[in-house]
Amino acid sequence: MKVMKFGGTSVASADHIRHVARLITATEEKKVVVLSAMAGTTNQLVAISDQLVKRHRYEGIVLLDKLKKKYERETKLLFQNPTSYDRAWTMINRTFWLLEQLCYLENFTLFDEKKILAQGELMSTAMMLLHLEDMGKKAVIIPALDYMRTDKNAEPDKAHIKEHLTTLIDKQPDDTLLYITEGYICRNAFGDVDNLQRGGSDYTASLVGAALNVHEIQIWTDIDGMHNNDPRVVDATSPVRKLHFEEAAELAYFGAKILHPTCIQPAKDKNIPVRLLNTLEPDAPGTLISLETNKDEIKAVAAKDGITMIKIKSSHMLMSWNFMRRIFHVFEHYQVPVDMVTTSEVAVSLTVDNNSQLNNIKKELEKLGEVVIEPNMTIICVVGDMEPENVGYESKIVKAFEDIPVRMISYGGSEYNISFLVKETDKKRALISLSKNLF
């Protein structure tokens, strides 16, 4: 058995849905197909929810009507047989009726927002199932809300997922080859509709693969694997054919958009290979992520924008033994993760990508010393085989920054990564220079 996950761009239109249907029925083997919402849907549902939170009901209904027209158009294109169209549009229209009812709630809550955000995946899986029926292909829906659950810490409840997903699969006839399920959506520990946050469909695919112990997890997107640099910034990038789980996790966390960072761990825990493939070029080899990788190589570069640097200089001449603990206690209290850290005798510099609590954090840190904050930074991460025995890589990487001001360097915490902090305005020059020097 394998898992095939298709992102929003892969099911962005009637033509794309037809194409995915052909891909998932091309071979006679057991598959669990995880689908995202049609491209743009979740963004639109977020925008509708934002209007309803502000009590701008009319504006929310206008946005909802625009989304409904899009689905009506794509449903007509996908289901050209009148009987099939009536079945499909009745289902889609029922979803939009529910969304309209939520728009008229007097007290719109976070729980209602989560219900709204879940509808995109529910519609895409239903449309795919009906289209497969029109093709004469047998498929079974496995509702994510019946097995995907998070615990009280908002982390996946893996035991619950495995138990309930296995039960749902076992209830189906032995000759069932195709299972369809929703990515992203789940229930929380209290049974309410919730989600795994943005990029959560990748996470769903990995959690499902780990629960069922499949032989491979495939993530299908609109690009041929993970590239060695950002193709939106640098010309002539190329796909990386093999990555270690740790290398892929570093690249995903530090800006490679093709894969969500949380996707890696469940697959790594069960040693299940993850293959990144291009929906529009299905024969391309893509990128294989596993415990095997090409040694003695620098693999790729990624960049993470929206970074803020915080520098804390101790008010004492020498750092006291609890200075670091007190600093990180502040970030723990406000639940803000730290990306990079560098230290000297009397100062600590670190970076965050979440500024929602920045003012509160600054006030707390000022009790410890002088605080300087610099926003609009970018972390540039170089990933590869960085074992200490592989001399020379560091000098090649640093040389690429010889004309670019670097604010921080992080090296040694991982054998797969060296990271640099630069101003966002220097990002493009840095990525281009790294490509010239490394690839």
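The values are calculated or read from the model by the stated rules, or taken from the named source; none is laboratory data. None of the values given here were measured: they were computed from a predicted structure. Every residue, glycine among them, receives a Cβ derived from its backbone with ideal geometry; neighbour counts consider all protein chains shown. All accessible areas refer to the heavy atoms of the entire protein, side chains included, with ligands and DNA or RNA removed. Shrake-Rupley method; radii C 1.70, N 1.55, O 1.52, S 1.80 Å.
Table for the structure above
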item: Check: region 160-273 dipole with +1 on Lys, Arg Cβ and -1 on Asp, Glu Cβ, in debye; result: 140
item: Length-normalised contact order for the chain - Cα pairs under 8 Å, 6+ apart - percent; result: 13
item: Charged-residue dipole, Cβ positions (Lys, Arg, Asp, Glu), the chain about Cα centre, Debye nearest 20; result: 800
item: Restraint check, K31/K171; K311/K423; K313/K428, Cα-Cα greater than 19 Å; result: K313/K428
item: Y147 - accessible surface, heavy atoms, 1.4 Å probe, Å² rounded to 10; result: 0
item: Shape category assigned to region 149-298 from the gyration tensor of Cα positions, a/c cut at 1.5; result: prolate
item: More than 20 Å apart - percent of Cα-Cα pairs taken over region 269-349; result: 62
item: Segments 6-12, 410-416 sorted - mean Cβ within 10 Å per residue, highest first; result: 6-12, 410-416
item: Too-long pairs where the Cα-Cα distance tops 27 Å, listed order kept, from K295/K399; K2/K436; K2/K70; K2/K76; K30/K158; result: K2/K436; K2/K70; K2/K76
item: Farthest positive-ward along the chain dipole, Cα basis, beta-carbon charges - from W97, L350, I272; result: W97
item: Overall dimensions of region 117-172 as given by Cα atoms, namely Rg and Dmax in Å; result: 13.7, 43
item: Carbon plus sulfur fraction of accessible area for the chain, probe 1.4 Å, in percent; result: 50
item: Sum of -39500 (n - 2.57) over DSSP H runs of 4+, divided by residues of the chain (222 nm, nearest 500); result: -12500 deg cm²/dmol
item: Inter-label distance, nm, simple model (7 Å from Cα along the C-beta direction), M135/S356; result: 3.9
item: For region 1-150, the spread of Cα positions along each principal axis, largest first, Å; result: 50, 39, 22
item: Distance in nm between pseudo-label sites at N107 and S84 (7 Å out along the Cβ direction from Cα); result: 4.6
item: Sequence-distant aspartates and glutamates (8 or more away, or on other chains) whose Cα lies within less than 20 Å of K270; result: E155, D157, E163, D202, E216, E246, E247, E250, E292
item: Size of charge dipole - region 1-89 - debye, nearest 20, with Cβ of Lys, Arg +1 and Asp, Glu -1, no other charges; result: 120
item: Nonlocal amide H pairs with S314, under 5 Å, H built at 1.01 Å; result: A347, V348
item: D50 accessible area, assembled protein chains, probe 1.4 Å, Å²; result: 70
item: Förster radius 41 Å - calculated FRET efficiency between S238 and E155 (Cβ-Cβ, nearest 0.05); result: 0.70
item: Charge dipole of the chain about the Cα centre (unit charges at C-beta), most positive-ward option of C186, H215, S238; result: C186
item: Rounded Å value of the spacing that divides the Cα centres of region 273-346 and region 185-221; result: 23
item: Proportion of all alpha-carbon pairs of the chain beyond 33 Å (%); result: 43
item: Rounded accessible area per residue of the chain, 1.4 Å, Å²; result: 47
item: Selection from T25, Y58, L45, by position along the positive dipole direction of region 24-77 (Cβ); result: Y58
item: Computed over region 80-186, Kirkwood Rh from alpha-carbon pairs, angstrom; result: 15.8
item: Largest-first ordering by accessible area, 1.4 Å probe, given options K299, K54, K152; result: K152, K54, K299
item: Potential extension, A347-K363 segment - 0.36 nm per residue separation minus Cα distance; result: 4.1 nm
item: Share antiparallel - DSSP beta bridges, the chain, percent rounded to 5; result: 60
